[in-house]
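I have placed the structure first, in the form of structure tokens, so that the comments after it can refer back to it.
The values are calculated or read from the model by the stated rules, or taken from the named source; none is laboratory data. Quick caveat, the model's predicted, so the values are computed rather than measured. Glycine also receives a Cβ, built like all others from the backbone with ideal geometry; neighbour counts cover every protein chain displayed. The protein model used for the area step is the full one, side chains on, heavy atoms only, and it has no ligands, DNA or RNA in it. Shrake-Rupley method; radii C 1.70, N 1.55, O 1.52, S 1.80 Å.
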Amino acid sequence: MNQPPVDEYAQNRILESHGSLLDVHSINSAELVARLESYESSGKKSISDVRRTFCLFVTFDFLFVALLWIIELNAKNILEALQKEVLQYDYYYSFFDIFLLSFLRFNVLIIAYAICKIRHWWAVAVTTAITCAFLIVKVILSKIFSQGAFGYVLPIMSFILAWIEAWFLDFKVLPQEAEEENRRLVIQSVSERAALLTPGPRSDGQFYSPPESPADSDEDVEEKQDSEKSLI
């Protein structure tokens, strides 16, 4: 029997669908490569954005406490106040130790998270614990409340800023950096798999029409035989 000829419209639809699949695959591969390059470029940064924000906040902590201490000194004669609080340091009346505590906290955190770029909370935990213990003991034993409003403001602000640093690192910096690293690894693995599964160039031999039936089909032969019998 004659085989029906293949519809040229169907062939064109198959070719178009195959080409569209290749285009979509190439677009997805290009998108994955672009994302991977963006994550690699972000990973090559000396410091991440969220860690930079943390370091800026640590710097703000030190400068803010230093500013409050300088304002407290200027409330009196600054030279006499410096001599009394630094040279004649008295634990029960001086604010100089709170300023030194803020300076120590600033150095430890900057060295740990900006220079050494560690990814653990132990440094901020140590600085926060030391700050809290020192301030609690000082508030209980010292007479700084008799120094006016700064006797309340300096220890309270130092205590709050230390805990904000610990919260920001533990709940923002470390989780976000871990999430970005995991996302970069996932995209890298997916892009590598996509590169392995990329199909080769499309050839015209992939799509062909079946061979045509011979000129004399079974029906034609039967019709010829019937005509010959009728003539006989």
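Probe of 1.4 angstrom, ligands and nucleic acids ignored: what's the accessible area per residue over segment 72-125, in square angstrom? If you can, show how the numbers build up before the last one.
Details: 3250 Å² over 54 residues.
Ligands and nucleic acids excluded, the figure is 60 Å² per residue.
If R₀ is 41 angstrom, what is the calculated FRET efficiency for the pair residue 115 and residue 86, using the beta carbon separation as r and rounding to 0.05?
Once rounded, the FRET efficiency stands at 0.90.
For segment 46-205, with all protein chains present and a 1.4 Å probe, just round the carbon and sulfur fraction of the accessible area to a whole percent.
70 percent
Under a Cβ-Cβ cut-off of 14 Å, what is the net charge of the residues other than residue 151 that fall near it, where Lys and Arg count +1 and Asp and Glu count -1?
Surrounding charge for residue 151 is -1.
By how many nm would the segment from residue 77 to residue 183 lengthen if fully extended, with 0.36 nm per residue of separation less the alpha-carbon distance?
That works out to 32.4 nm of additional length.
Subtract the Cα-Cα distance of residue 145 and residue 47 from 0.36 nm times their separation in residues, and report this length gain in nm to one decimal.
Once the chain is fully extended between residue 145 and residue 47, it gains 31.2 nm.
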